[in-house]
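One structure below.
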Amino acid sequence: MDTGDTAWLLTSSALVLFMTPGLALFYGGMVRSKNVLAMLMKNYISMGIITVVWVFVGYTLAFSGDTGGFIGDFGLFALDGVGLDNAVHGYTVPDNVFMVFQMMFAIITPALIAGAIAERMKFSAWAIFIVVWSIVVYSPMAHWVWGGGFVASDIEAVDFAGGLVVHINAGAAALALVLVLGPRLGWRHTVMRPHSLPLTLLGAGMLWFGWFGFNAGSALAANGAAANAFVTTQIAAAVAASAWAGMEQWRAGAPTTLGVASGAVAGLVAITPAAGFVNPMGAVIIGLAAGVICFLSLQIKFRFNFDDSLDVIAVHLVGGILGALLLGILADEAIGGVAGSAEQFGRQALSVVVAFAYSFVLSYALARILDATIGIRVTEDQERRGLDLTLHDEQGYVLAE
Amino acid sequence: MKMIVAYINPFKLEEIRDALKEAGVSGLSAGNIQGFGRQAGHTETYRGAEYEVDFVPKVRIEVLVDDTLAPTVISSIEETARTGSIGDGKIAVLPVEDVIRIRTGERGQDAL
């Protein structure tokens, strides 16, 4: 084992955890003020309940053994056997460090979905959804890609830090939930402005900061590969933020703070699967593609008329697909041992289809089951009054004192 | 006694406060408000979605004054708040029945 690697992975775990409150603020600023707490809550609760899910069953299903390439087993149930040494995985860090690093990914992934269902989903249905989703969708997919499952071993697609497992997975689930939930009351007819862009910008900054743990930590070592991921992460975020603002200037006449924040996140999403496989110039191309194409993808929801409230599909699904595919072309063998080729592109494309299809189908089924049983949408009255008061008995902003 | 209520451009608040102090006013209240009048609204764009926003940010100030001071205060606000463009705002003058200083219980003129 290596103390340097261990120190970096412990640090990275804290950085990745910090992204979830960052995401909460990023989303929270974009909703109307009557729903700000409900938005924060749907993110923060993931830190609570997904930790418990991961400790008992999530981790073992993703990272213990292998059942047909599809899922792990119960060999590490309730962390029994996840010790201070590296007996299970043989990495240069203790098994409990790897477990807690992966836990932070399991926490933020369902939280990403929350942006799509903003301002209208019941909290109870959300809490049940993320528990079940984490077990039946997230853990298997983490196993396919990082736990020795079929995407890594049979398809031979690569995903450095979670283009498939985190972003395409969350984006597909977001689309499924939005289709079951339906649009917010008054969508496309009334003004639905972000109530506090400074909160959103603060959250975007926290995400950007934490993403260094997400991507550079995914090297699972404190070495040159981690540094390359760190560098490519910074480059892609910066290029995409600038490109998005440039697109706004060109198409709408004014660059916006929300655009810079959105572009940065889109760039971070797109570089996620590729951070350890592309060189700095590859990161420039991926950042540029994310800034331009994710910006244009904002129109998809209007074209097809579904209310993806905070653009999880345009940013995370499209950004994740871009990164996963472009990596198949741009991968530099000298960086991560994978060379860009038509063959690798084909593997990446297949992995994208598999990840999207699995997540979409299961998420849709789960949403329909929840809707038919407990209902997933708040009442019209609750939606009009706002979810903060009607679901959580509190207000984000009070008049005096 | 009069209550003078003025709806002004937010960037004029400091200037008006200085002018009213000069005119002998001992206090005023101000708050951020949104409203619409003859001034047209504007367009805001969030992630490519354009919204027509009719409400324009303004500041409302309220000043309680003695009848004799009222004309000076009104003309002072009028002159200071005017830029000549649409959206300069409005001044309303209301009669006031009584004023009470809560701390001392003083009434009327003494409470101003």
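The values are calculated or read from the model by the stated rules, or taken from the named source; none is laboratory data. Since this is a predicted model, take the numbers as computed values, not measurements. Ideal geometry is used to build each Cβ from the backbone, glycine not excepted, and the neighbour counts take in all protein chains shown.
If the requirement is being of a type outside the set (Lys, Arg) and under 20 Å from residue A:42 (Cα atoms), which of these qualifies: A:361, A:315, A:352, A:338?
From the options A:361, A:315, A:352, A:338, the qualifying one is A:315.
Filter the range A:112-122 for residues that are surrounded by fewer than 24 Cβ atoms within 10 Å (Cβ to Cβ) and within 20 Å of the chain's Cα centre (by Cα) and give the result. Reasoning before the result, please.
To start, the set of residues in the range A:112-122 that are surrounded by fewer than 24 Cβ atoms within 10 Å (Cβ to Cβ) comprises A:119-120, A:122.
Within the range A:112-122, just A:119 meets the criteria.
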Residue count, the range A:241-257, condition more than 13 Å from residue A:207 (Cβ to Cβ), in contact (Cβ under 8 Å) with a residue 12 or more places away in the chain and either in contact with a helix residue (DSSP H, G or I) (Cβ under 6 Å, 6 or more places away or on another chain) or in a loop (DSSP other than H, G, I, E, B) (or both), comes to 6
Residue A:93 - would you say it is within 26 Å of residue A:223 (Cα to Cα), of a type in the set (A, V, I, L, M), surrounded by fewer than 23 Cβ atoms within 10 Å (Cβ to Cβ) and more than 20 Å from the chain's Cα centre (by Cα)?
no
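Condition first: basic (Lys, Arg) and part of a helix (DSSP H, G or I). Can you find one or more residues in the range A:20-33 that meet it?
Going through the range A:20-33, the residues basic (Lys, Arg) turn out to be A:32.
Restricting the remaining residues to those that are part of a helix (DSSP H, G or I) gives none.
Looking for residues that are basic (Lys, Arg) and part of a helix (DSSP H, G or I), one finds none in the range A:20-33, hence no.
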When the range A:294-344 is examined, which residues are found to be part of a helix (DSSP H, G or I), within 14 Å of chain B (Cβ to nearest Cβ), among the aliphatic types (A, V, I, L, M) and closer than 17 Å to residue A:268 by Cβ?
A:312, A:313, A:314, A:315, A:318
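So for the range A:66-85 (the condition being closer than 30 Å to residue A:195 by Cβ and either outside any loop (DSSP other than H, G, I, E, B) or in contact (Cβ under 8 Å) with a residue 40 or more places away in the chain (or both)), does at least one residue qualify? Full working, then the answer.
From the range A:66-85, those closer than 30 Å to residue A:195 by Cβ are none; that's our starting set.
Checked the range A:66-85: no residue is closer than 30 Å to residue A:195 by Cβ and either outside any loop (DSSP other than H, G, I, E, B) or in contact (Cβ under 8 Å) with a residue 40 or more places away in the chain (or both).
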Tally time: how many residues in the range A:157-182 are in contact with a Ser or Thr (Cβ under 9 Å, 6 or more places away or on another chain) and either not β-branched (Val, Ile, Thr) or not in a helix (DSSP H, G or I) (or both)?
18
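For every residue, the table says whether it meets (1) within 14 Å of chain B (Cβ to nearest Cβ); (2) touching a strand residue (DSSP E or B) at 6+ places or on another chain (Cβ under 9 Å); (3) surrounded by 24 or more Cβ atoms within 10 Å (Cβ to Cβ).
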| position | (1), (2), (3) |
| --- | --- |
| A:135 | no, no, no |
| A:153 | no, no, no |
| A:183 | yes, no, no |
| A:196 | yes, no, no |
| A:205 | no, no, no |
| A:211 | no, no, yes |
| A:215 | no, no, yes |
Within the range A:249-263, is there a residue that is at pLDDT 95 or above, in contact with a Pro (Cβ under 9 Å, 6 or more places away or on another chain), more than 14 Å from chain B (Cβ to nearest Cβ) and farther than 14 Å from residue A:27 by Cα?
no
For residue A:43, indicate whether it is part of a loop (DSSP other than H, G, I, E, B) and either in contact with a Phe, Trp or Tyr (Cβ under 9 Å, 6 or more places away or on another chain) or within 30 Å of residue A:186 (Cβ to Cβ) (or both).
no
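In the set B:53, B:73, which member is surrounded by 13 or more Cβ atoms within 10 Å (Cβ to Cβ), within 14 Å of chain A (Cβ to nearest Cβ) and of a type in the set (A, V, I, L, M)?
Working: B:73 fails: within 14 Å of chain A (Cβ to nearest Cβ).
It is B:53.
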Scan the range A:3-15 and give yes if some residue there is of a type in the set (S, T, N, Q) and touching a Pro at 6+ places or on another chain (Cβ under 9 Å), otherwise no.
yes
